[in-house]
Structure formats: structure tokens, C-alpha cells
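Take a look at the structure below.
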Amino acid sequence: MILLNFAHPLTAEQKAQIEALTGEAVERVIAVPVHFDNGQPFLPQLEALMARVPLNAEAWQTARILVNPPSLNFITALLLAELHGRMGYFPPIVRLRPVPGAVPPRYEVAEILNLQAVREEARARRYDGA
């Protein structure tokens, strides 16, 4: 699987946690550091960010892709919309959490969130009124 990392670098331990949770090997990590200028419009910055991801149209639609999103919510929202457009579905994402009591601060993989499954379940509830 390809891990698109739009956040801080992942440790070997975090990659092992991801593999344990997904049951798949991380074959490739594509690190795409994110820094947006709050004084400028975000959409052009998103376009520049995506230009740095070395995947072609076929890979976007066929590769097994997992995403470690950036921490700023506005960027993540834009990124997920862009990824859905390129991939045809919402990608699963990594959720990290702080390790309690760790000094210096450390983070562990809490879970893999299947956004497409969330979307499909919500869509079903749209029709049953729940």
C-alpha cells in the first residue's frame, strides 16, 4: 500500500502499527510536507501541494492508498475533496493520538478511519430518515 504522509514524519513504530491495523505492508511512503500561508487563498496552495505528489491518473484510481492528513482542519477538508475527485472515493486515513505521559511527547496510531464506509453508511441513513 502507498502511504501519503501530509503530516510529520512517521516513525518505524508508527508504520508497524499501521501495518498491524491494516493487515497490509506499507510498500511506499510519499512524504508531502504541508505549509500553507494563512494570508493567501488556500485553493492555489492545494493545487501546488498536489503537483508535488508523484502519482499519475492510473495510480490514483487503482493503487491502495492510505492518507496521514495534515493537522489543520481547513487543509484536510480541501485535501479530502481533492483526493475523492482523483480517486473516486474517500481514502482511509490515519488517526494519531498522544501517548499518555510520554516525555518528550510521542504519538501512536490510534486507528485507521474508513471514510468511504462512513460516507456509505451516512448515505443509507439519508433515505431511512435516521
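Bear in mind these aren't lab numbers, they're just calculated from the coordinates by the rules spelled out. Everything quoted here is computed from the prediction, not taken from an experiment. Heads up, the Cβs are rebuilt from the backbone with ideal geometry, glycines too, and the neighbour counts pull from every protein chain shown.
Can you tell me which condition Ile65 does not meet? The list is (1) of a type in the set (Val, Ile, Thr); (2) more than 30 Å from Pro105 (Cα to Cα); (3) surrounded by 16 or more Cβ atoms within 10 Å (Cβ to Cβ), and all the others hold. All conditions are met except number (2).
Contact map, region 80-101: first residue surrounded by 11 or more Cβ atoms within 10 Å (Cβ to Cβ), second residue small (Gly, Ala, Ser), Cβ cut-off under 7 Å, separation 6 or more or different chains; pairs are Arg95/Ala110; Leu96/Ala110. Selection of region 30-62 for residues being farther than 14 Å from Pro91 by Cβ and surrounded by 14 or more Cβ atoms within 10 Å (Cβ to Cβ) yields Ala31, Val34, Phe36, Phe42, Gln45, Leu46, Leu49.
Count of region 102-130 residues, restricted to those that are basic (Lys, Arg) and either under 18 Å from Gly23 (Cβ atoms) or surrounded by 11 or more Cβ atoms within 10 Å (Cβ to Cβ) (or both), is 2.
Does Leu10 qualify as being assigned to a loop (DSSP other than H, G, I, E, B), touching a residue at least 24 places away in the same chain (Cβ under 8 Å) and more than 22 Å from Glu108 (Cβ to Cβ)? Here the answer is no, as Leu10 does not meet what is asked.
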